[in-house]
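The values are calculated or read from the model by the stated rules, or taken from the named source; none is laboratory data. Just so we're clear, the structure is a prediction, and the values are computed from it rather than from any experiment. In this analysis, Cβ positions are derived from the backbone assuming ideal geometry, glycine residues included, and neighbour counts consider all displayed protein chains.
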Amino acid sequence: MSEGPMLTTRRFELYRPAPGDLPGLCRLIADEETRRFLGPADPAPQAQFERLLRNAGSWALYGYGSFMVRARGENEIIASAGIFHSYRGYGEALGLDDMPEAGWIVRADHAGQGVAREVMDAILAWFDEAHGPRRIACMIEEGNSASQRLAARLGVAHYADHEVADGPVPAVLGLYERLKP
């Protein structure tokens, strides 16, 4: 790691993505349970390299993006979370094109330990201070009750559903938004 953490919480350090993060990103979603609600997510290096570049691009173009999350004093990526700029191509009416989108992925061996809640609280506070309060979108696959509960705790409310067929099986995505706080 060339730079120190950009944000810290009680248990975690949050870093902007760096070239050396590729192996950690592959490990982050290597477990099938972690990928269960990630649609067509692929843990292969090429796919994760493309995700790393999208994350870095969001930071470069918009000044915000996903953070790599590590336990304090550790080097291993245990989560990726943040507010990144997205363009889902679902159409303007669904509210997920050309806008900030919140998202989180926690490695299976750290699931259920409050990682996403702790880091997303810090990220939302940072985002509001750095970029001003504004609408943030989020999408959660149907059946992902843990993320649905977290979204509610973060003040992100369901506003629509959208069916997608870009993965191995069609999925229904719950569309969520946090309006200006």
For this session: From the list 118, 92, 74, pick out the single residue that is under 21 Å from residue 153 (Cα atoms) and not polar (S, T, N, Q).
Result: 118
Seminar exercise, completed: If we keep only residues of region 115-145 that are surrounded by fewer than 14 Cβ atoms within 10 Å (Cβ to Cβ) and of a type in the set (Gly, Ala, Ser), then the residue modelled with the lowest pLDDT is 143
Seminar exercise, completed: When (1) farther than 21 Å from residue 15 by Cβ; (2) touching a Leu at 6+ places or on another chain (Cβ under 7 Å); (3) surrounded by fewer than 15 Cβ atoms within 10 Å (Cβ to Cβ) are applied to residue 96, the one that fails is (3)
Problem set entry | Neighbours by Cβ (under 9 Å, 6+ apart or cross-chain): first from region 28-51, at positive phi; second hydrophobic (A, V, I, L, M, F, W, C) and at pLDDT 80 or above | 39/164; 39/171; 39/173
Exercise. Taking the stated definitions as given, is residue 112 out of contact with any His (no Cβ under 9 Å at 6 or more places or on another chain), at pLDDT below 95, more than 21 Å from residue 29 (Cβ to Cβ) and surrounded by fewer than 19 Cβ atoms within 10 Å (Cβ to Cβ)?
Worked result: no
Exercise. What strands (runs of 3 or more DSSP E) lie completely within region 65-181 and have 2 or more residues being closer than 20 Å to residue 21 by Cα, touching a residue at least 24 places away in the same chain (Cβ under 8 Å) and among the aliphatic types (A, V, I, L, M)?
Worked result: 66-71, 77-87, 97-106
Problem set entry | Residue list for region 38-52, filter: surrounded by 13 or more Cβ atoms within 10 Å (Cβ to Cβ) and among the hydrophobic types (A, V, I, L, M, F, W, C) | 38, 41, 47, 49, 52
Exercise. Which condition does residue 67 not pass, out of (1) more than 27 Å from residue 134 (Cα to Cα); (2) hydrophobic (A, V, I, L, M, F, W, C); (3) surrounded by 15 or more Cβ atoms within 10 Å (Cβ to Cβ), if it passes all the others?
Worked result: (1)
For this session: Could you tell me whether residue 25 is outside any strand (DSSP E or B), in contact (Cβ under 8 Å) with a residue 40 or more places away in the chain and surrounded by 15 or more Cβ atoms within 10 Å (Cβ to Cβ)?
Result: yes
Problem set entry | Residue check, residue 81 buried (at least 19 other Cβ atoms within 10 Å of the Cβ) and at pLDDT 90 or above | yes
For this session: Might you let me know whether region 160-172 holds any residue that is surrounded by 12 or more Cβ atoms within 10 Å (Cβ to Cβ), closer than 22 Å to residue 14 by Cβ, out of contact with any Asp or Glu (no Cβ under 9 Å at 6 or more places or on another chain) and not acidic (Asp, Glu)?
Result: no
Problem set entry | Condition check for residue 52: modelled with pLDDT under 90, outside any strand (DSSP E or B) and either aromatic (Phe, Trp, Tyr) or under 28 Å from residue 177 (Cβ atoms) (or both) | no
